[in-house]
Amino acid sequence: MVSIGICGLRGSGKTAFATLLGYVSFKHGNKVYTNYKTKFSEVINPVDFMKFNYELNNCTIILDEIYAYLDSYISGNRGEREFSYYFNQARKRNVNFIYTSQLLSSVNSRITRITEYVFTSEAIYNKKGEIDRFVYQRWVESMPIGNPIVIPFRKMMPILNMYDTYEIVYPSNRLEKYDVSVDDLKSLFESSKTKRAFVSIVRKRYPFLIIQDAEAIYDLLRIGNYEAIKLLIS
């Protein structure tokens, strides 16, 4: 059994990496459960995970954007304790547990303490503003360990085609609908003198965007990668 946490901004390839690991497990004969649709897994949410935990053996569970589900389904100290308990019990049943989050600090400390492998994900762009490769670095106690795993975009394409990359995992009762357009963001970018000013304005106008999203949008606007921005705000 192994527990893996993958952290990174939207579009950085963290879900792709989690899906790749899940697919490898599937090819080794394990049942795979995910909270998003793939071509090889069965969809399950954290509530079902806790309910049927004792029936899950020799399988892999992947929770994408785990912090959103923790907030929505099991908010409160009791719920978090229960979830971490079931997470720990899964370790005893040969269950691989993989989760993604934009920030590791967003994940309850009871879970991060028993996470064996933590990776950060980063998408590297070429001069055309297209993703060239994904880089995954393992960390231990705030220190990078070993050489990063580098996967060219073209080699990741078969994995990206196994799920809907535009499917964003958010609890519907936690996120209001906002109309965000690339043109509006471009206008704010052009009128902002600094990245800090841009982030501040965007966060006030679109409060559902976290700081890391706003910073990523600024960087993408700077290189003119509008397609990646559409992915972030969709």
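The values are calculated or read from the model by the stated rules, or taken from the named source; none is laboratory data. From a predicted model like this one, the values you see are computed outputs, not experimental measurements. Because the Cβ atoms are built from the backbone with ideal geometry, glycine has one as well, and the counts that use them run over all protein chains shown.
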So which residues in region 1-47 are modelled with pLDDT of 95 or more, surrounded by fewer than 16 Cβ atoms within 10 Å (Cβ to Cβ) and touching a helix residue (DSSP H, G or I) at 6+ places or on another chain (Cβ under 6 Å)?
Phe40
For region 104-124, name all the residues that are touching a strand residue (DSSP E or B) at 6+ places or on another chain (Cβ under 6 Å) and touching a residue at least 24 places away in the same chain (Cβ under 8 Å).
Leu104, Val107, Thr115, Glu116, Tyr117, Val118, Phe119, Thr120, Ser121, Glu122, Ala123
Say whether the condition of being at pLDDT 90 or above, at negative phi and among the basic types (Lys, Arg) is met by at least one residue in region 163-174.
no
